[in-house]
Structure formats: C-alpha cells, structure tokens
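The structure appears below as structure tokens.
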Amino acid sequence: MWGVDGGEPHRAALAPGDLALIYVGPPLRGFVGSAELASGVRGWTSAEARLYPGDGRGGVLLTDVEEWDPPVPMQTVVLRIDPSVSNPYVQANAKNGFQNGVVQITEHEYEAVLGVRAEWSPSTS
C-alpha cells in the first residue's frame, strides 16, 4: 500500500500495471526501490486503513515490490539525464527534492535510474 494524497497533481493518471520508482527525500535523497501498481488510486477499505501506517485515506496497492540496498542517489541520476528529453518539472525539482508524492517521468528518466541501479548494486550484475 502506498498513500496518495488528494491534492497530488497526477493522482488520476495512476493505473494498474504502471511502474513506480520509490524515492525518499532529504536527508537520503535516493531511490530505495521499485514496484508495479496493482490498483489505481482508491480509498482504503476499513481493514486497509487499520494496517496503513500513515494518516492518508487512500492510495494505490503495489505488487512486485523490490527494495534496493544501496539506494540510488538522486544526484547521480540527475547527472545522467539529458535535459532536452527530460520532463522540465523533474529537472527543476530534483535539486530540492520532490515535494509531491507522484511525479510522472519519461522513459529516459526511468531507464537512467535503472542504469545507475545496475552499476551500484552487485546483485544486479
């Protein structure tokens, strides 16, 4: 389960089968995993609300969750992304850490994260 606040700009675009990168902001500033969405955004059931550690009222269900150790530093990824094919919003916010919980990225940006992940993790070689 991953909480998605009602004010997230791309909330309605989330759909089952979407791929997600899990990012933790300051002080870590790194990608700590990946997952696939098993649902679009929806309200938690009573049972889910009791299990969910946050105070959010809804979000998405995740499947195929993979935790990354070590995390992939955001700064390393940003250096690999060609700004001419990048989402300008991503480039502008990467320096300060993302303030939103949902950010759409390009395929190029997604592949850049996975490329750094492959280099940093002995388990992916």
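The values are calculated or read from the model by the stated rules, or taken from the named source; none is laboratory data. Please read all numbers here as calculations on a predicted model, not as lab measurements. Glycine also receives a Cβ, built like all others from the backbone with ideal geometry; neighbour counts cover every protein chain displayed.
Tell me which strands (runs of 3 or more DSSP E) are completely within segment 1-84 and hold 1 or more residues being under 15 Å from Leu114 (Cβ atoms), or say none if there are none.
On the way: elements: 19-24, 30-37, 58-60, 62-73.
Passing ranges, in order: 19-24, 30-37, 62-73.
Tally time: how many residues in segment 14-43 are touching a residue at least 60 places away in the same chain (Cβ under 8 Å) and touching a Gly at 6+ places or on another chain (Cβ under 9 Å)? Result for segment 14-43: 6. Residue count for segment 20-59, restricted to those that are touching a Pro at 6+ places or on another chain (Cβ under 9 Å) and among the hydrophobic types (A, V, I, L, M, F, W, C): 6. Taken over segment 29-84, the criterion of being among the polar types (S, T, N, Q) and within 21 Å of His10 (Cβ to Cβ) is satisfied by Ser34, Ser39, Thr63. The residue that is modelled with the highest pLDDT, among those in segment 101-110 that are farther than 18 Å from Arg29 by Cα and assigned to a helix (DSSP H, G or I), is Glu107.
Inspect all residues belonging to segment 28-40 and state whether any of them is polar (S, T, N, Q) and either surrounded by 15 or more Cβ atoms within 10 Å (Cβ to Cβ) or modelled with pLDDT of 95 or more (or both). Taking every residue of segment 28-40 in turn, at least one turns out to be polar (S, T, N, Q) and either surrounded by 15 or more Cβ atoms within 10 Å (Cβ to Cβ) or modelled with pLDDT of 95 or more (or both).
Would you be able to tell me the number of residues in segment 1-54 that are basic (Lys, Arg) and in contact with a Ser or Thr (Cβ under 6 Å, 6 or more places away or on another chain)?
The number of residues fulfilling the criteria is 0.
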